[in-house]
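Asks: Starting off with a structure, shown below.
The values are calculated or read from the model by the stated rules, or taken from the named source; none is laboratory data. Owing to the predicted nature of the structure, the values given are computational and were not obtained by experimental measurement. For neighbour counting, all protein chains shown are included, and Cβ atoms are generated from backbone atoms with ideal geometry for every residue, glycine included.
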Amino acid sequence: MSVIPSPNPFIHNFLPREDEPPHERALREQEEARAKAVSDAIDEQIRQDKVAFKKYQKAIKLLLLGQSESGKSTTIKNFQLKYAYKEWVQERGSWKTVIHLNLIRSVTTVLEIMDSVMKEQQDRPRPQQRSLSPSRSFQRAAATATFSSSEETGNLDEPSQDVVYDFSDKHKVLQLRLQPLSRVQRDLEKYLGSAALEPDQVPTTDNITFPGSEGGIPRRNAEFSVSVNSSWKARLLGKEDSKKSADKKHAQGLHDATEILYRCGPDIKQLWTDDVVQQVLTETEAQLKHSSGFFMDDVDRIVARDYEPSDQDVVKARLRTVGVQEYHLSIPGSTGHHDWILYDVGGSRASRTIWGSYFDNINSIIFLAPTSCFDQRLAEDSKVNRLEDSLVIWKHICGSKLLENIQLILFLNKIDLLKEKLESGVRFDKHIVNYGKHPNDLPSVTAFLKHQFKTILRNSKIQRVFYCYLTSAADTKAMATTLATIYDGVIRNALDRAQFL
């Protein structure tokens, strides 16, 4: 026997009245149309989310790890330069302000070093003047950035006062004439949008102890940074809402900054090429000159009114971003375009606590170990050698069960700076004790480093192929070749892993 369903007893509550007035009907239909629009928008968002998730699942996800100043951001710039050049060119102009800020910060650093030495010199008796070698007190200044044996530096707590630098009124005039740059620096930082000025995140150029520091505590310039959510590029390119960005005011401010920098150009060049200043910087010049964001050798070009950044300038530029940066690239291959997602996470000790949350669903890790920092200590812990810190991080990564099936790629980075240091006479075995008496040259040192990292990988008891590349992230041509080499390997690994899963 069939059962006839009874009508919904509540249906009449949702039906319009038979005698519904025209104005009520119009209001009801408008409300129904709005409700339908909202429902359709939710359905469309769900559909887009499904498409995006499916695309995300298929994308090749690459995680870049390494300590601060290891070259992660520069490596990502090389990816963009090679595989997303159209977008790269569109954003290249936005880096002009950053490059100007980098130059000004370098000038400020030099002025602070010079000012500190001048004050120390005024506060002590004047011995017989010499001008051929840097003072022992400045060797003490460099000690926070490098490891030195006791034979090299003696007792660092007893300042030597046997050298007087030949400062003159010319240097005081330079200090006065370059004072406007301090205000320009503050204005540019404010315009870019400061996210944090973190004292534990100090760039190599600013990690300097000044002679005469109270209690031997180094004075440091905290590194300027912007939030990962900052829209500084859009603001500089004029793509942000004009009400929020105050386009006219900001454009005038940038014009004024460019003009002041242009007028200070000759003085900046005179400061950098001054013999006495260079003598004072002898012990720290390598750290200043070879860090990212250094443009003091290109003053004439950078301060020009019509200056436009080159690709190499953008690669060299330094702007620290607080937070995890995510980059999406569509890279052509033999089997069509592949979507890549690159993650750049912070490298400071405080930032490393979040690394584990990005281990899930990634295909490969590029670990960057800066080789030229073998004579430097961590900014966060002056007792830890930076190269040894990289080895410790590598050991943890190789031994992590979460990364058991993840491809690991090692970049022994900043090889160009390592070569210059070794050729300048800096002894590798003075800072890395177990190096022994091997030759102090690039082939021997890099062979030693490869062996150290490879041994750690093998001892992790997880069977992996050792992929290792000697890189200089600032060398765009060489990096393009390296990226092309690892591209096929990452693709193959992703396909093999997909079949395995």
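Asks: Any residue in the range 424-442 that's more than 19 Å from residue 386 (Cα to Cα): show its pairings with residues that are hydroxyl-bearing (Ser, Thr, Tyr) and surrounded by fewer than 17 Cβ atoms within 10 Å (Cβ to Cβ) at Cβ separation under 8 Å, as long as the two are six or more apart or on different chains.
Replies: 438/444
Asks: Return the total of residues in the range 258-277 being within 19 Å of residue 97 (Cα to Cα) and either among the hydroxyl-bearing types (Ser, Thr, Tyr) or modelled with pLDDT under 90 (or both).
Replies: To start, the set of residues in the range 258-277 that are within 19 Å of residue 97 (Cα to Cα) comprises 258-265, 268.
Among the residues that remain, those that are also either among the hydroxyl-bearing types (Ser, Thr, Tyr) or modelled with pLDDT under 90 (or both) are: 258, 262.
Total meeting the criteria: 2.
Asks: May I ask you to list pairs of residues, at least six apart or on different chains, whose Cβ atoms are under 7 Å apart, with the first in the range 227-244 being at pLDDT 75 or above and surrounded by 16 or more Cβ atoms within 10 Å (Cβ to Cβ) and the second being of a type in the set (Ser, Thr, Tyr) and part of a loop (DSSP other than H, G, I, E, B)?
Replies: 233/94; 236/94
Asks: Given the conditions (1) out of contact with any Phe, Trp or Tyr (no Cβ under 7 Å at 6 or more places or on another chain); (2) crowded, with 16+ Cβ neighbours inside 10 Å, which single one is not true for residue 339?
Replies: Checking residue 339 against (1) out of contact with any Phe, Trp or Tyr (no Cβ under 7 Å at 6 or more places or on another chain); (2) crowded, with 16+ Cβ neighbours inside 10 Å, the one that fails is (2).
Asks: Let me ask you something else. Inspect the range 43-60 for any residue being on the phi < 0 side of the Ramachandran plot, in contact (Cβ under 8 Å) with a residue 24 or more places away in the chain and crowded, with 20+ Cβ neighbours inside 10 Å and give the result as yes or no.
Replies: So far as the range 43-60 goes, yes, one or more of its residues are on the phi < 0 side of the Ramachandran plot, in contact (Cβ under 8 Å) with a residue 24 or more places away in the chain and crowded, with 20+ Cβ neighbours inside 10 Å.
Asks: Looking only at the range 381-404, decide whether some residue is of a type in the set (A, V, I, L, M), buried (at least 21 other Cβ atoms within 10 Å of the Cβ) and closer than 27 Å to residue 225 by Cα.
Replies: Within the range 381-404 (the criterion being of a type in the set (A, V, I, L, M), buried (at least 21 other Cβ atoms within 10 Å of the Cβ) and closer than 27 Å to residue 225 by Cα), the answer is yes, since at least one residue qualifies.
Asks: Restricting attention to the range 332-347, report how many residues are closer than 20 Å to residue 489 by Cα and modelled with pLDDT under 85.
Replies: 7
Asks: Can you name the residue in the range 430-486 that is of a type in the set (D, E, K, R) and over 23 Å from the mean Cα position of the chain (by Cα) and, of all such residues, is nearest to residue 420 (Cα to Cα)?
Replies: We begin by selecting, within the range 430-486, every residue of a type in the set (D, E, K, R); these are 430, 437, 441, 450, 454, 458, 461, 464, 475, 477.
Restricting the remaining residues to those that are over 23 Å from the mean Cα position of the chain (by Cα) gives 430, 437, 441, 450, 454, 458, 461, 464.
On the way: 430: 16, 437: 20, 441: 10, 450: 19, 454: 25, 458: 31, 461: 36, 464: 33 Å.
Taking the candidates together, the pick is 441.
Asks: Could I ask something else about it? What residue, among those in the range 376-419 that are of a type in the set (D, E, K, R) and in a loop (DSSP other than H, G, I, E, B), is modelled with the lowest pLDDT?
Replies: If we filter the range 376-419 for residues that are of a type in the set (D, E, K, R), which is where we start, we get 377, 380-381, 383, 386, 388-389, 395, 401, 404, 414, 416, 419.
Narrowing the set further to residues that are in a loop (DSSP other than H, G, I, E, B) leaves 380-381, 383, 404, 414.
On the way: 380: 84, 381: 88, 383: 91, 404: 89, 414: 93.
Step by step, filter the range 376-419, then rank; the result is 380.
Asks: Still on this structure, please answer the following. In this structure, does residue 416 turn out to be in contact with a Ser or Thr (Cβ under 7 Å, 6 or more places away or on another chain), surrounded by fewer than 17 Cβ atoms within 10 Å (Cβ to Cβ) and touching a residue at least 24 places away in the same chain (Cβ under 8 Å)? Outline the logic, then answer.
Replies: On the way: in contact with a Ser or Thr (Cβ under 7 Å, 6 or more places away or on another chain): yes; surrounded by fewer than 17 Cβ atoms within 10 Å (Cβ to Cβ): no; touching a residue at least 24 places away in the same chain (Cβ under 8 Å): yes.
Answer is no for this residue.
Asks: Specify the residue that is surrounded by the fewest Cβ atoms within 10 Å (Cβ to Cβ); the eligible residues are those in the range 436-465 that are of a type in the set (Ser, Thr, Tyr) and within 22 Å of residue 396 (Cα to Cα). Break it down stepwise before answering.
Replies: Pass one, the range 436-465, residues of a type in the set (Ser, Thr, Tyr): 444, 446, 455, 460.
Now restrict to residues that are within 22 Å of residue 396 (Cα to Cα): 446, 455, 460.
Working: 446: 17, 455: 12, 460: 19.
In this case the residue turns out to be 455.
Asks: Go through (1) under 27 Å from the mean Cα position of the chain (by Cα); (2) in a helix (DSSP H, G or I); (3) more than 25 Å from residue 83 (Cβ to Cβ) one by one and return the number of the condition residue 426 breaks.
Replies: Going through (1) under 27 Å from the mean Cα position of the chain (by Cα); (2) in a helix (DSSP H, G or I); (3) more than 25 Å from residue 83 (Cβ to Cβ) one by one, residue 426 breaks only (2).
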